[in-house]
Amino acid sequence: METMKNSLRALRHIMLPVLLVFAVSAGAQNLLVNGELMPDGGGWQQVKPGSEPCASLRWDPSGFVEAAFSCAEKVVDAGWRQQVPIVAEGWYRIRVRAAASGLSGDGDAELTFRSSSGTTLWRTGVESFAGSFGWDELAWKVRAPAGATSVEVFIGVHHGQVGAARFDEVALELQPSGGLRELVVDLGRPVGTVRVLNQTNRGPRLVARSGELIDYTARLQAAGVRRIRAHDVHTAFDTSVIFPDPQADPSDPASYRFASTDAAIAEARAGGFEVLFRLGESYGGPKTPRMAPEKWAEVVRHIVLHVNQGWANGSTVGIRYWEIWNEANGPLFWSGTPEEFYDLFARAAVAVRAADPAALVGGPGLAGHTHEAWVRGLLRHVRAAGAPLDFFSWHIYHMGNPHTLARAQLQLRTLLDEEGFAGAELFNTEWNLSGGAGCESTGCHLVIEWAYNAAHAAAAMIHLQDTDIPMAFRYRTDGTGMFGLCGDGREEPEWSRSGLAFRLWAELAGTPVRVEATGGDEEGLAVLAGRSDHGRSARVLVVNQGSADPGYRLSLRGLPAHFVWELLEISDARPCVVGDCAPRLVASGTGTTLPSGVLEAALAAPAVHLLRIEATAGGRTPRRHLSGGR
């Protein structure tokens, strides 16, 4: 029997690529030459540092390619590329079968759209991966930018260090114009609870680029934010600010400067925000603790004592979450060895718990989900040291399919469980689109400052609903041209597009009973619905982030006998400007205007819809009009 099973497995491995090729030829045409990745099929060029022996590229005779790395402290880009002509503003579906083993790096299928002059208009990934997993299909739908005449498809790894990535069958297909997507929401079929993932980094009071101090409290409240991670504030929460002299005595209250810390915590609490306290440094600060690890742990213990136990004229605010350091697996925040950080982390975790037995301690704010060996090393050291780990935190910045966040969460959950930390929570403390330095060269302003950003953010939080993630802290509160939820209202609009998405999510959170919603997918169009406990209110969120479908037909089941409804939209049809930036009301009515409970709506990507439904008595409008809250 086992021999037969092995034979069937082998047959499936042989036949599946054939079936995939048949599916492509029977439907849309694969624009890539040798999408089957056969060794002598041509079409692909190697991408690899010519003199770097630690990265190897090979073609397997059975029809897949492998990029393998053994690069010690180096990081190397390696893979294959192919450039093909495309239609500007055409819709394309990219799909690739991939697998990985112990990969440290960013595996992906990357698309670089170029103009006729060769200028890069936009560079985006499909679905970033790393670590270890078996063969799986990654797919996404994307629209070519205006002026694009070609796209370069890269399959491989950026920043590879160890492990291997494999690719088997790659297809790029032009998508025809779609019809209305059929969606069904059944308000009478609860399927769980809506996960509220409206958290942020920095705030609520911050200095804007103009130098003016801006209070974002009211806007964060409107965006449903209830937790703030205290990172990149550059003053109040940095250890080098709180304890400026590394030679000082950590047991002496005179060694500390708690004034800005106390003020920032008080500001957050006054706005109703819970603080996640990041112990360590902001970007640009020291990349080491500046002292022996046991002394730094003592400093940490006294910080917790001051904040939660009243030491040194402190408070008893009871901050629950304490995150140790930030992105120590990358060069921007840590200059020591992995083993030095593991030791620092374990000592600090013990110190936090010693200062406050009720505190929840974790970290390390992992840069990406890509460093499997580093993560296992940390977890094994923590376990051997007997240190607590109540939560593990990770970060991701990715331009591409928002489903990547869910994939990363599920992969890390598996890794933690394998290492014996099934009881540790797993949440994200930084996430956003790729931006920042180099943004102009990759065309990211095309998407960061427009409705694509709202659709990406909203869809990512929908996909995360089917994971165990309890919190996801968007990076960050301020700066619409960069990563922020809010602008200063002077030089920038009051909201970014992702901030508007958070506003709609805040409404959805008010209907916490998740109900059955079907018709969405993981490639570009997502849907989520909830209703209130009493069933008189409901919200439906529909996101078209990357689908050629111009709209949807929503069938609503289990509706109240009498109700009113409104449809809000975030799209590029209404640009955000200073003084005028809000979701737009595009339709409204009563139950009589939705015959058979069916709503047809145009929703061309990228855009977001929120449908509000409120029960009424005999068809009368509620005393608080639906749109009165905008």
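A few notes on this one:
- Between 150, 56, 104, 115, the distinction of being over 27 Å from residue 463 (Cβ atoms), at pLDDT below 95 and not assigned by TED's automatic domain parsing to the domain that holds residue 459 belongs to 56 only.
- Residue 489 falls short on exactly one of the conditions (1) touching a residue at least 40 places away in the same chain (Cβ under 8 Å); (2) surrounded by 23 or more Cβ atoms within 10 Å (Cβ to Cβ); (3) not hydroxyl-bearing (Ser, Thr, Tyr), and that condition is (2).
- Within the stretch 460-467, none of the residues are of a type in the set (Gly, Ala, Ser) and over 30 Å from residue 102 (Cβ atoms).
- Search result, residues across the stretch 549-580 that are of a type in the set (A, V, I, L, M, F, W, C), assigned to a strand (DSSP E or B) and surrounded by fewer than 18 Cβ atoms within 10 Å (Cβ to Cβ): 577
- Long-range neighbours under 7 Å by Cβ, at least six apart or interchain, first residue farther than 18 Å from residue 350 by Cβ within the stretch 313-328, second basic (Lys, Arg) and modelled with pLDDT of 95 or more: 317/269; 326/278
- Qualifying residues in the stretch 225-255 (those that are touching a residue at least 40 places away in the same chain (Cβ under 8 Å) and small (Gly, Ala, Ser)) - the one surrounded by the most Cβ atoms within 10 Å (Cβ to Cβ): 230
- Taking the stretch 191-224 as the range and being closer than 17 Å to residue 261 by Cα, more than 21 Å from the chain's Cα centre (by Cα) and surrounded by 15 or more Cβ atoms within 10 Å (Cβ to Cβ) as the test, the residues that pass are 204, 205, 206.
- Of all the residues in the stretch 278-303, those that are polar (S, T, N, Q) and surrounded by fewer than 19 Cβ atoms within 10 Å (Cβ to Cβ) number 1.
- Residues of the stretch 601-620 that turn out to be touching a residue at least 60 places away in the same chain (Cβ under 8 Å), surrounded by fewer than 20 Cβ atoms within 10 Å (Cβ to Cβ) and not in a strand (DSSP E or B), as a count: 1
- Count - residues of the stretch 223-239 that are more than 14 Å from residue 298 (Cα to Cα) and at pLDDT 95 or above: 11
- The set of residues in the stretch 193-229 being in a strand (DSSP E or B), in contact with a helix residue (DSSP H, G or I) (Cβ under 8 Å, 6 or more places away or on another chain) and not charged (D, E, K, R) consists of 200, 228.
- Residues that are surrounded by 21 or more Cβ atoms within 10 Å (Cβ to Cβ), part of a helix (DSSP H, G or I) and modelled with pLDDT of 95 or more, drawn from the stretch 417-451: 451
- Listed by first and then second residue, the pairs linking a residue in the stretch 468-483 that is farther than 16 Å from residue 323 by Cα and modelled with pLDDT under 95 to a residue that is among the polar types (S, T, N, Q) and in a loop (DSSP other than H, G, I, E, B), with Cβ atoms under 6 Å apart and 6 or more places separating them unless they lie on different chains, are 480/496.
- Count of the stretch 128-164 residues which are of a type in the set (D, E, K, R) and over 23 Å from the mean Cα position of the chain (by Cα): 1
- Each residue in the stretch 189-238 was checked for being of a type in the set (Val, Ile, Thr), in contact with a Gly (Cβ under 8 Å, 6 or more places away or on another chain) and within 15 Å of residue 265 (Cα to Cα), and 2 pass.
- Scanning the stretch 231-245 for residues that are in a helix (DSSP H, G or I) and over 17 Å from residue 312 (Cα atoms) yields a single hit, 240.
- Looking across the stretch 306-338, the residues that are surrounded by fewer than 18 Cβ atoms within 10 Å (Cβ to Cβ) and in a helix (DSSP H, G or I) come down to 309, 338.
- Of the residues making up the stretch 388-410, those that are without any contact (Cβ under 8 Å) to a residue 60 or more places away in the chain, buried (at least 20 other Cβ atoms within 10 Å of the Cβ) and either over 12 Å from the mean Cα position of the chain (by Cα) or assigned to a loop (DSSP other than H, G, I, E, B) (or both) are 389, 392.
- Residue in the stretch 437-451 that is closer than 24 Å to residue 278 by Cβ and in contact (Cβ under 8 Å) with a residue 40 or more places away in the chain present: no
- Scanning the stretch 487-535 for residues that are in contact with a helix residue (DSSP H, G or I) (Cβ under 6 Å, 6 or more places away or on another chain) and aliphatic (A, V, I, L, M) yields a total of 4.
- Given (1) over 30 Å from residue 596 (Cα atoms); (2) at pLDDT 95 or above; (3) in contact with a strand residue (DSSP E or B) (Cβ under 6 Å, 6 or more places away or on another chain), number of the condition residue 136 does not satisfy: (3)
- Looking only at the stretch 351-375, and only at residues there that are in contact with a helix residue (DSSP H, G or I) (Cβ under 7 Å, 6 or more places away or on another chain) and part of a helix (DSSP H, G or I), the one that is surrounded by the most Cβ atoms within 10 Å (Cβ to Cβ): 352
- Number of the condition not met by residue 239 [criteria: (1) in contact with a strand residue (DSSP E or B) (Cβ under 8 Å, 6 or more places away or on another chain); (2) farther than 26 Å from residue 391 by Cβ; (3) polar (S, T, N, Q)]: (2)
- With respect to the conditions (1) at positive phi; (2) surrounded by fewer than 20 Cβ atoms within 10 Å (Cβ to Cβ); (3) within 28 Å of the chain's Cα centre (by Cα), residue 63 lacks only one, and its number is (3).
The values are calculated or read from the model by the stated rules, or taken from the named source; none is laboratory data. Note that the structure is a prediction, hence the values are computed from the model and not measured. Here Cβ is always computed from backbone atoms with ideal geometry, including for glycine, and neighbour counts include all displayed protein chains.
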